[in-house]
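One structure below.
The values are calculated or read from the model by the stated rules, or taken from the named source; none is laboratory data. All of these numbers come straight from a predicted model, not from anything done at the bench. Every residue, glycine among them, receives a Cβ derived from its backbone with ideal geometry; neighbour counts consider all protein chains shown. Surface accessibility is based on the protein's heavy atoms, side chains included, excluding ligands, DNA and RNA. Shrake-Rupley method; radii C 1.70, N 1.55, O 1.52, S 1.80 Å.
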Amino acid sequence: MNKAIEIFGNHIYRLARTSPRKALKELSFVYKTAGLKCRYFPSRSLLPARQYMQWAAADSAVRPLIQPDRSAIVSIYLPCEVLHAMGIYQMFPEALACYLAAGGSEKFFIEKAEEAGMPGTLCSYHKSFIGLAESGVLPKPRFIINTSLACDVNHLSFRRVADYYNIPHFMIDVPSRYSPENLDYVKDQLHRMVDFIEENSDFRLNEDKLAEAAGRSRRTLDNFRKILELRKDIYLSDEMTSHMLSVFATHVMLGSKEAEKYSEDMVQQLSRCPRGRKGVRLFWVHTLPYWQDGLRSLLNFTDRCEIVGCDMVLDALDADTGQEDPFTYMADRLLRNTSNGAGENRINAVLKYARELDADGIVWFCHWGCKQTAGSSSAAKKILEEKGFPTLILDGDGCSRQNANDGQAVTRMEAFLELLEKRK
Amino acid sequence: MIGYNCKYAPVEIMAGFGEKYQLINNVAENFDYSSAILHPNMCSHAKAVLEDVHRGGYRKLLFMNCCDSSRRVFDAVSRDMDSGVDFSCCLDLPSCTSCCAVEKFRDDLLDFINRYEKFSGITFDVKHFLSSFSCSKKEIKGKYVALLGARSNKTIAETVRKCFKGIDVLDLTCANNRDLPPFEAASDEPLDSIMLKYSKALLSQVPCMRMRDIKGREALIESKNCLGIIYCTVKFCDYYDFEFSQLKNKGIPVIKVETDFTSQSSGQLTTRLEGFYETVRQKSGEALLKDTGPTKGKFFLGIDSGSTSTELVALDRDLNIVKMVKVPTGAKAAVGAKKALEQSGIDDGDIAFTTATGYGRKNIDFADYNVTEITCHARGAKYLYDDVTAVIDIGGQDSKVISLDENGLVSGFAMNDKCAAGTGRFLENMAKILELDMESMSEIGLNYKKDLNISSMCTVFAESEVVSLIAENNSVKDIVHGLNKSVALKTKALSAGVKDLSALMMTGGVANNKGVVSELEKQLNTKIFIPEHPEFCGALGAALIAAEQFNLKKFLR
Ligand code: SF4
Ligand code: SF4
Ligand code: SF4
């Protein structure tokens, strides 16, 4: 760990225990400055669009911390067009935990959650989230809305935190298959979500604004389709963080102006990049441990290899069936998400995108506690390798240093790179 | 046979097809098949289901899409060509009982009937369906203990029944707590409307932790007749720890039992459950009396038969310690105990009463009585340190944290799971790798320079981590410090449920390890009282209980 991060992490560890409010202030300040630095003093090694997105993501993470009474806690898969249209800011576990990990400050919060009896085997994003709330650092938002999509934790941590804050909680149940009936079922719940917000706050939905937000979502995802097309034969010097940022852009931030601008800029800037490839092309599955030193030095800004895509960014790319009504569009996206339902859905999507991106190999990242991803890993390896894509199952943690064995991860990753290099 | 996995599964529909059904809940002999198919970090129950199905016990499967692990197991059984399963279906379980959820579930039920009719060629018989509802709920009148939480299994249920002889045991764990009220519908009612009622009835059962609104669960433990709760969790299941973490503050005795769904050795389980039994009984004002006939003699003996060593403490009639003996246990508990008695030089005729405790407590034939080490450590600790509020005991095999109430009675305890991390054995193994004796192991970590972390929770992984730390040229001091810290952290996690750590005492062999003690003090942010001979605390407690039993008996006579 970089010395400055280590010192900051230790500082937050002490501060959070004694003065949670102060810890919040300092965390927000640091995220904000880090974001501003990307905007106004960009580094040379990254595409400007990526740096813009770093600022935008930091900004959207800090806003709800400063104005919690305009904010909601949401789950990463919640279609947030309604919230964007109403001007409600969002906090969500993955972003909160990612920023903590970036500042080396996750430890206190994870310990806090475990001390409160949370299982050690729980997803660390959610452990950080529960710890943040119950330590008094995360300010109390207006309400909590989440979907049941993708994993179990949805049934657990949001309810617990809503009880803790004593704030209203709404959950959208997403069936595991697409069917016209299920579409109506989800759509109906999305409408009720709007009623829920209006009953519990002064925010009112303006249909025009919602249509605009949905339009932005469409255009953003269209741009990501173009990015996919362009990326096929372009080498890009990049870092793991970029993919995490894209995950935010195609999920909670989808429908915002910032996400659209990011995707537009990416398309433009990529079109100007020279064609050609360097090194090994990896396709990544699930979240990325972008803070982990050993992996960073192996994967970031190197000619040896590049991560050409991440399946989470693309999980709703093919969900648009041209539905005009924003609610149908959002419901569609939930039901057709590649993480929904049987593991095969996701494996097939990974296969499709790995092909489209002309990847050499696939890294299936089993984030600690993520049973839906880990549960498919062996089947995925078998199927993907049969189709000609060597696959590495990499165990680790997207946000907690406690569960990551850097040395072991580097050895495995390096061996995998060597294997792919030999094949070429 | 149709196997199902959840209490929400519409098994009565299967009865409507004349089929037999069974809950899949067997423990696994091993995980040979599943370990090749599933990632190791999947819920053990789900892995056991996979083993069971693969072995070919079920022709048809009816699953509810309960959790990630069960969903992935369903994926895996669908791919398994050798299991002999020719029909499988996984239904979506809505997470609430709102009208749209009930209607949606009704549609899925109708769809399921349709599919099964097509598959089997059998027509759904409403009469059979309706007559299959049986009110299976057992009425319990007297006091009972409840099994709550995720899955229990045969080993657990049997061990509980054995330890709680004479008390009813009510199994309220997730899938065993199926409770449909008698169902009323006319057989000529349209299927639509019958299924709507059925859908509602299924979803309105006492909610499990997967449901959105879980207030209804409070009814499970409301009764005054509930003496205590044995809370079952499964390794890598997340749902139920959320409830357990809140149960601890409800004032009712509760103990957590984690299973990995193998036919695990019931030795440790028995100790814990008996300890719990003693707690429950003392809490309801019972004494631990057992009549053993007339005795004379002037000494009260306590014998703690542990896995590596056996300790003996003798008290005189004024409760002064007159003898302390420690011998290696050897292969047989009884032999070790006998040896300890011989070394003490006490004559058989001079013994008034003997209480045995520790792993071998039941195998010591000359003892009059046996009590678990949990109760004994608490009793011994109270004698040595009157203000004591909590005891940490780390021995060779296991570690426990015991909280005491103002009267020195056990008010709760936690024990490590099967794994050895955080115990004396763990430190001994590591000492071997580092080529240290236990004495230097105790001191050397105190003067560390670099604050190393050993992050692996498992002994085996920790070993390889230590080996690579050595390879990276870290100093032995720093590594030992890292190990001490990892033991301290593990213990800290165990003590999470303890309310009052203000007067904390440590017993057991590891209490002699200065490095661990100092790390623990740091982690728990409190001073720890270490008695002069921490390893004798259990035997001392046993001797005190012997004296108490003896006096009680005299008093009664
Ligand atoms: S990482 Fe996995 S377990 Fe954690 S929130 Fe995401 S999908 Fe759920
Ligand atoms: S936790 Fe609930 S949904 Fe899951 S198997 Fe148990 S009863 Fe069924
Ligand atoms: S024990 Fe928990 S994780 Fe395992 S199958 Fe049941 S609900 Fe799922």
Scanning region A:12-36 residue by residue, the ones that are in contact (Cβ under 8 Å) with a residue 40 or more places away in the chain, more than 17 Å from A:Ala113 (Cα to Cα) and of a type outside the set (A, V, I, L, M) total 2
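What do you reckon, is B:Leu180 away from ligand 3 (no atom under 16 Å from the Cβ), closer than 28 Å to B:Asp107 by Cβ and either open to solvent by 30 Å² or more (accessible area, probe 1.4 Å) or modelled with pLDDT of 90 or more (or both)? Walk me through it before giving the result.
Values: away from ligand 3 (no atom under 16 Å from the Cβ): yes; closer than 28 Å to B:Asp107 by Cβ: yes; either open to solvent by 30 Å² or more (accessible area, probe 1.4 Å) or modelled with pLDDT of 90 or more (or both): no.
Spelling it out, it is not the case that B:Leu180 is away from ligand 3 (no atom under 16 Å from the Cβ), closer than 28 Å to B:Asp107 by Cβ and either open to solvent by 30 Å² or more (accessible area, probe 1.4 Å) or modelled with pLDDT of 90 or more (or both).
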Scanning region B:217-254 for residues that are away from ligand 3 (no atom under 16 Å from the Cβ) and either touching a His at 6+ places or on another chain (Cβ under 6 Å) or within 14 Å of chain A (Cβ to nearest Cβ) (or both) gives B:Glu218, B:Gln246, B:Leu247, B:Lys248, B:Asn249, B:Lys250, B:Val254
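Among the residues of region B:107-120, is any more than 16 Å from ligand 1 (Cβ to nearest atom) and either closer than 25 Å to A:Pro119 by Cα or in contact with a Lys or Arg (Cβ under 8 Å, 6 or more places away or on another chain) (or both)? Quick ask: steps written out before the conclusion?
At the first step, the residues of region B:107-120 found to be more than 16 Å from ligand 1 (Cβ to nearest atom) are B:107-120.
Still in the list and also either closer than 25 Å to A:Pro119 by Cα or in contact with a Lys or Arg (Cβ under 8 Å, 6 or more places away or on another chain) (or both): none.
No: zero hits.
Go through region B:57-157 and tell me which helices (runs of 4 or more DSSP H), entirely inside it, have 1 or more residues that are within 12 Å of chain A (Cβ to nearest Cβ) and touching a residue at least 60 places away in the same chain (Cβ under 8 Å). Let's see the steps before the verdict.
Values: elements: B:68-79, B:99-120, B:126-131.
In region B:57-157, B:68-79, B:99-120 are the helices (runs of 4 or more DSSP H) which contain 1 or more residues that are within 12 Å of chain A (Cβ to nearest Cβ) and touching a residue at least 60 places away in the same chain (Cβ under 8 Å).
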Here the residues within region B:27-40 that are more than 13 Å from chain A (Cβ to nearest Cβ) and either part of a helix (DSSP H, G or I) or within 15 Å of B:Asp75 (Cα to Cα) (or both) are B:Asp32
Just one listed residue, out of A:Glu94, A:Glu115, A:Glu81, is within 14 Å of chain B (Cβ to nearest Cβ) and acidic (Asp, Glu), and it is A:Glu115
Within region A:175-203, residues being within 9 Å of chain B (Cβ to nearest Cβ) and surrounded by 20 or more Cβ atoms within 10 Å (Cβ to Cβ) number 4
Only one of (1) touching a His at 6+ places or on another chain (Cβ under 9 Å); (2) more than 26 Å from A:Leu236 (Cβ to Cβ); (3) touching a residue at least 24 places away in the same chain (Cβ under 8 Å); (4) buried (at least 22 other Cβ atoms within 10 Å of the Cβ) does not apply to A:Ser377, and that is (3)
- prompt: Within the bounds of region A:407-415, is there any residue that is away from ligand 2 (no atom under 16 Å from the Cβ), open to solvent by 50 Å² or more (accessible area, probe 1.4 Å) and modelled with pLDDT of 95 or more?
  reply: no
Inside region B:41-56, the number of residues satisfying the requirement of being within 16 Å of ligand 1 (Cβ to nearest atom) and assigned to a loop (DSSP other than H, G, I, E, B) is 3
*Test for A:Gly398: is it within 14 Å of chain B (Cβ to nearest Cβ), modelled with pLDDT under 95, part of a loop (DSSP other than H, G, I, E, B) and within 16 Å of ligand 1 (Cβ to nearest atom)*: no
The one condition A:Pro93 fails out of (1) touching a residue at least 24 places away in the same chain (Cβ under 8 Å); (2) away from ligand 3 (no atom under 16 Å from the Cβ); (3) surrounded by fewer than 22 Cβ atoms within 10 Å (Cβ to Cβ) is (3)
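How many residues does region B:326-375 contain that are part of a strand (DSSP E or B) and under 17 Å from B:Ala546 (Cα atoms)? Give the derivation first.
Restricting attention to region B:326-375, the residues satisfying the condition of being part of a strand (DSSP E or B) are B:326-328, B:351-357, B:369-370.
Checking the rest, the ones that are also under 17 Å from B:Ala546 (Cα atoms) come to B:351-357, B:369-370.
The total comes to 9.
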Counting only residues that are within 17 Å of the chain's Cα centre (by Cα) and within 16 Å of ligand 2 (Cβ to nearest atom), region A:108-151 contains a total of 2
Among residues of region A:122-138 being open to solvent by 10 Å² or more (accessible area, probe 1.4 Å) and assigned to a loop (DSSP other than H, G, I, E, B), the residue nearest to ligand 1 (Cβ to nearest atom) is A:Cys123
- Query: Just wondering, is there one or more residues in region A:309-330 that are crowded, with 24+ Cβ neighbours inside 10 Å and within 14 Å of another protein chain (Cβ to nearest Cβ)?
  - Reply: no
The correct count of residues that are within 14 Å of B:Glu278 (Cβ to Cβ) and touching a helix residue (DSSP H, G or I) at 6+ places or on another chain (Cβ under 7 Å) in region B:357-377 is 10
